[in-house]
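Participant: Okay, handing you the structure first.
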Amino acid sequence: MTVIVPVLGDQLSAGLASLKAVPRDDAVVLMAEVAEEAGYVPHHKQKLALVFAAMRHFAEDLRTDGWTVDYRRLDDPANLGGLSAEVEAAVARHGAERIVATLAGEHRVIALQAGWGAGTGVPVMLLADDRFLVSEEAFAEWASGRKRLRMEDFYRWQRAETGVLMVGDVPVGGQWNFDKENRKSLPKGVSVPEAPRFAPDAVTREVIAMVETRFPDNFGSLARFNWPVTRVQALEALGRFVDERLVQFGDYQDALVEGEATLFHSLLSTSINLGLLGPRECIDGAVAAMELGAPLNAVEGFVRQILGWREYVRGIYLLEGPDYVRRNALGATRPLPAIYWRGGSGMRCFDSAFDQTRDLAYAHHIQRLMVLGNFALLAGVDPFELHEWFLVVYADAYEWVEAPNVIGMSQFADGGLLGSKPYAAGGAYINRMGNHCAGCRYSLKVKSGPDACPFSYLYWDFLARHEAMLSSNQRMWTVYDGWRRLQPERQAEIRADAARFLAGLS
Ligand code: FAD
Ligand code: DLZ
């Protein structure tokens, strides 16, 4: 019996449920580069190159392992342009009697998969994606009946369930969370190890040339493409992170440093999201490093990101359904400002994050949350437009992980489902966490007028605009006390600065 096993571009795991379920001799693995997936948003050029290069390398690995792979290249004139069309044609071409697939990550592609049976006339078996540590059902069960769905509660549950960093029922070190020890700015003199380099091989170079030719107007530059595109490279990236950067990951997790694009971050999200690495092996690698002296605040900080945040946002995405991306609890309607596509805002922190986003398809978490996301929140940008931007510009962007981070965590557009308060901050926060302000054309010392830091007056203006909704939130009481203590003349000055700046932005 011939079985078509479609493997999507982010399902590049030898242990994928559908690859485990079908005997190798019966399977024809279908992998298809298609215009539909390349175009549902105009992805950063590096994301396209990464996905196609990783797909081509994975197909070769499967063939070496004895699988029959039917690989459809984007530049093949016979390419049908869509996943469903390719699946239907493959069933006919191979005379297949059934399809066995692993459920896609995104609602959009899950909907396509649901139509494959009708489209092909053969039975379709859709298997759960067991590369995540928490199944959709287990998350729904955890969520059911809870008044609040907080990451911290989910994370503690997962620590207890998995036994990671636990001694019996007690968290290692007597504390669940060392977040407060992970907020240092980078002192002068601390040097950051260089991230590993993965020079593109012939396969990747061919893909890069194809992307440059076929997607010349997409955002971003390919010049500094440096992503792991194979499992071997991804394992090297994990090993180098654990050996060289994990020790300081905790301390400087929230730091913002001019000219330091990656700091001590792992750069592993692209590899995990593509399936080149499993979440559990990343967690185990970090935990094992404790025996070699890695501090608990670093290891726990890293484990929290993967066992906590990554699993939690995926659970929220599946639970909340396709309409989640349209939430707009704060009623924000400003079109996405041009500085998100062109940079050149004059704000050093923003331009720094923008430039590296364009050049590397990467920005670390605090740049995404507290600079690019925070600015949009304060400026009242339409969250759906921001969501689409975030989906475009990062090499690790897939809706299941991007949308809860943008709509929920960053924009509070889900009204507090994901976060207990908006991640809104003024210039003082950015100054405390980094060194951008020193070289900025705006000044924190100037309190009003065209040279004052926009983050500062926009922060107060944001609070004022949303006072009716947010001031009853206990976690916002202190900041609203601060706002109310300002003289009416000072409040008016702040609001006038914000209005002037926002008018210029549009
Ligand atoms: P590290 O800082 O080294 O963290 C280790 C790993 O933990 C990451 O590789 C990632 O797998 C996981 N992780 C950390 N934080 C999160 C989080 N909040 N949600 C889910 N996983 C997390 N992550 C994506 O993978 N894709 C996205 O499209 C994406 N969009 C984001 C948009 C916004 C507005 C924000 C605030 C965060 C977003 N994140 C996204 C989460 C996080 O910023 C990235 O995972 C991280 O910056 C990737 O870099 P790294 O691998 O060096 O991470
Ligand atoms: C992201 C992406 C891109 C750019 N291209 C393809 C493709 O051509 N073929 C494919 O199978 N998958 C691609 N992907 C990954 C899918 O978009 C991904 O499987 C869905 O986003 C579901 O998570």
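Participant: Considering only C-alpha atoms, what is the centroid distance from segment 383-407 to segment 362-381, in Å?
Facilitator: Result: 12 Å between the Cα centres.
Participant: Add -39500 (n - 2.57) for each DSSP H run of 4 or more in the chain, then divide by its residues: what number comes out at 222 nm, to the nearest 500 deg cm²/dmol?
Facilitator: That calculation yields -12500 deg cm²/dmol at 222 nm.
Participant: Follow-up question, since we're still on this one. Take every Cα pair under 8 Å in the chain that's 6+ residues apart, average their separations, divide by the length, and report that relative contact order as a whole percent.
Facilitator: Relative contact order of the chain: 16 percent.
Participant: A further question on this structure: From the square roots a ≥ b ≥ c of the eigenvalues of the alpha-carbon gyration tensor of segment 348-487, which class results: rounded (a/c under 1.5), prolate (a/b over b/c), or oblate?
Facilitator: Judged from the Cα gyration tensor, segment 348-487 comes out oblate (a/c at least 1.5, b/c at or above a/b).
Participant: Follow-up. Specify the angular offset, from 0 to 90 degrees and rounded to the nearest 10, of the alpha carbon long axis of helix 348-360 from the longest principal axis of the alpha carbons in the chain.
Facilitator: 10
Participant: May I pose another question? Would you mind working out the magnitude of the charge dipole of the chain relative to its Cα centre, with +1 at each Lys and Arg C-beta and -1 at each Asp and Glu C-beta, to the nearest 20 Debye?
Facilitator: 1720
Participant: Using a Förster distance of 45 Å, how high is the FRET efficiency between Ala202 and Ala118, based on the Cβ-Cβ distance and rounded to 0.05?
Facilitator: Computed FRET efficiency for Ala202 and Ala118 comes out at 0.65.
Participant: Got the relative contact order for segment 408-491 handy, in percent, Cα pairs under 8 Å and 6 or more residues apart?
Facilitator: After rounding, I find 20 percent.
Participant: If the chain were replaced by its equivalent ellipsoid, with semi-axes equal to the square roots of 5 times the Cα gyration tensor eigenvalues, what would those be, largest first, whole Å?
Facilitator: 40, 25, 23
Participant: Give me the one-decimal nm value for the distance between modelled label points at Glu60 and Asp76, 7 Å along each residue's Cα-to-Cβ direction.
Facilitator: Modelled inter-label distance: 1.7 nm.
Participant: Kindly identify segment 1-141 as rounded, prolate or oblate by the Cα gyration tensor criterion: order the square roots of the eigenvalues as a ≥ b ≥ c, call it rounded if a/c is under 1.5, otherwise compare a/b with b/c, prolate if a/b is larger, else oblate.
Facilitator: rounded
Participant: Reachable aspartates and glutamates from Lys147, Cα under 16 Å, same-chain residues fewer than 8 places away excluded?
Facilitator: The qualifying aspartates and glutamates are Glu320, Asp414.
Participant: Grab the other residues whose beta carbon is less than 14 angstrom from that of Gly427, score K and R as +1, D and E as -1, and report the net.
Facilitator: My count for the surroundings of Gly427 gives +2.
Participant: Testing the spin-label approximation: label points 7 Å from Cα along Cα→Cβ at Arg441 and Gln487. State their distance in nm.
Facilitator: Distance between the two pseudo-spin positions: 3.1 nm.
Participant: Under the 0.36 nm per residue contour assumption, what length would be gained going from the current alpha-carbon distance of Asn226 and Arg500 to full extension?
Facilitator: That works out to 94.5 nm of additional length.
Participant: Evaluate E = 1/(1 + (r/R0)^6) for Asp169 and His365, where r is the Cβ-Cβ distance and R0 equals 25 Å; express this FRET efficiency to the nearest 0.05.
Facilitator: The calculated FRET efficiency here is 0.25.
Participant: How do Trp176, Trp341 rank by accessible surface area computed with a 1.4 Å probe, from largest to smallest?
Facilitator: Trp341, Trp176
Participant: In addition: Segment 73-149: percent of C-alpha pairs farther apart than 14 Å?
Facilitator: 69
Participant: I need to check one value: relative contact order of segment 123-244, counting alpha carbon pairs closer than 8 Å and at least 6 residues apart, in percent.
Facilitator: 15
Participant: Return one number: the angle in degrees, 0 to 90 and rounded to the nearest 10, between the long axis of the Cα atoms of helix 231-240 and the longest principal axis of the Cα atoms of the chain.
Facilitator: The angle comes out near 30 degrees.
Participant: Sticking with this one: Which order do peptides 120-131, 483-494, 275-286 fall in by mean Cβ count within 10 Å, highest first?
Facilitator: 275-286, 120-131, 483-494
Participant: Return one number: the angle in degrees, 0 to 90 and rounded to the nearest 10, between the long axis of the Cα atoms of helix 279-288 and the longest principal axis of the Cα atoms of the chain.
Facilitator: Approximately 60 degrees, to the nearest 10.
The values are calculated or read from the model by the stated rules, or taken from the named source; none is laboratory data. Quantities reported herein were computed from a predicted structural model and do not represent experimental measurements. Glycine gets a Cβ as well: all are built from the backbone with ideal geometry, and neighbour counts include every protein chain shown. Keep in mind that these areas ignore ligands, DNA and RNA; they rest on the heavy atoms of the full protein, side chains included. Shrake-Rupley method; radii C 1.70, N 1.55, O 1.52, S 1.80 Å.
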